[in-house]
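Computed from the coordinates by the stated procedures, all read-outs in this text should not be read as laboratory data. Not measured: the values here are computed from a predicted model. A quick note on method: Cβ atoms are made from the backbone with ideal geometry, for glycine too, and the neighbour counts reach across all protein chains shown.
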Amino acid sequence: MKQVDLESHDVLLRSEGFDQAKEYGATEAVPMSSRSLSFWDMVATWVGANANNGTWFVGGVVAGTAFAGSIVVTLVANPIAYFIMALIGYIGYKVGTSTMALTRPSFGLRGSYLPSLLNTTQFIGWTAVNTFIAAISVSFLCKDLFGWPAFGQPGGYKGMVVGIVIMSVLHLLSIALGHRSVKIIERVGVVLVIIFGIWETVVVLQSVSLDKIIHWQPPANMRMPLGSAMDVMAAFSLAWVTAIAEFTRYGKKKSTATVAPMIGANVGLFWFAFIGIIATIGTAITTGTYDPNNSDPSTIASKLGLGWLAMLVIVLTSTTANAVNLMAAGISLTNVTKKISPMASLWLVTIVAALLTFVPLFLGSFLHSFIAFLDYIGMVFGPILGVMIVDFFFLRKRSYDVEAMETVGGKYWYKNGFNWTAVTVWVVGVALFFSVHKLPLFTNYIGATYPTIVFSGILYYVLTKLKR
């Protein structure tokens, strides 16, 4: 089966009257004529993806390492993650398919269902996380408007339910036209995000001096080890990697798929994680109590007296981030089955995410659920990324056959649709992460996520070479 040339494929599709505005399924290669995302569209998408309440919250979580530790973690863990994202983004640009379709050459046609289902659940989970944090803002707005108790107060569930419903409606609107409506949402949202970010930064630094923030130390019993913070940040940023090709395959040039996402994601994350760090520490200084459970932006904005406008912008930033989450979840689902169209899958995952958002209301601690969710991401996706990078760049010499991604019995069929070498490496990688991430070396210093990626990649390379 010959390698598909995207430009020739493009000419063929134009001659057949292909709809340039369609939403492409997971394994459909997007032709150049349908690639509508510019460099700055991609920057805006990833600034909007990271400049949000989830990034603020994770900044507040790693504030448990004190100011210096949290800055080190932010400046080390995230650029590594976004370099990995650029590598996968380049594969998406080159091949033209979704991220999960890109696992077919390495895991096999049926083997790719494993990462696809994991990816769908991951991004539904992220949507629920962001929706829950945004719903907290709505509960504060309901308190101001109707006198209802806010989240954390007796009877505060009423405002949370209203918030979840409102956010779910906004999410349905944000994905109504697929990647085109996401592009519109990100263009509008990034402007308001920048304004809000500047405002929040100024207000926090006016409330508490930077010198006090720098020298603040968390209580000994609440201090977070550096390695644990590395795993939290790494998992938070690596989660975006498995969504990147959903967008870079619509990029017009290589830099749009590699440089632009790195710029946007790093800028958005550095900025809002920094705000989360200083706002959480600032609140701990002014109140005399450090509680990472209350590091969400709504609670802090309320304590800092930022008012209803801040709450509205927090709701908006959640919508910009979740537009990306829902695109990734929906398109991943189409890699598993073609019985559901791309747009129908987007609506389905949006509804499921809305239902899942109610779960934290019945749990004792949203923070504990959040950290457990991040551990899950690092554990199950680290080995997958190691396999994908090694397969494309080192074993396949940067070339995939798009047609073979659909061919039963073809080069990516392996044994009954599974490449058991990749599946075995994934199992070993998951077991490795689970075994070592609580050991002192990993907990206190380096974390287990990146070592697991490197180990899995090397093991996959060695085992594949031994089979040939």
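Does segment 43-130 come out rounded, prolate or oblate, given a ≥ b ≥ c as the square roots of the eigenvalues of its C-alpha gyration tensor, rounded meaning a/c under 1.5 and, failing that, prolate meaning a/b above b/c? In terms of gyration-tensor shape, prolate. Helix 179-207 and the longest principal axis of the C-alpha atoms of the chain enclose an angle of approximately 30°.
Can you classify the chain as rounded, prolate or oblate using the Cα gyration tensor, where a ≥ b ≥ c are the square roots of its eigenvalues, rounded means a/c under 1.5, and otherwise it's prolate if a/b beats b/c and oblate if not?
Here the chain falls in the prolate category.
Computed from Cα atoms, the angle from the helix 420-436 axis to the main principal axis of the chain rounds to 20 degrees. Can you list the residues, at least 5 places off or on another chain, whose amide H is less than 5 Å from the amide H of F358, using H built in the peptide plane? Counting only residues 5 or more places away or on other chains, the set is empty.
If you count Lys pairs in segment 326-454 whose Cα atoms are under 28 Å apart, skipping same-chain pairs closer than 8 places in sequence, the total is 6. Peptides 445-458, 368-381, 126-139 ordered by packing proxy, namely the average of other Cβ atoms within 10 Å per residue, highest first: 126-139, 445-458, 368-381.
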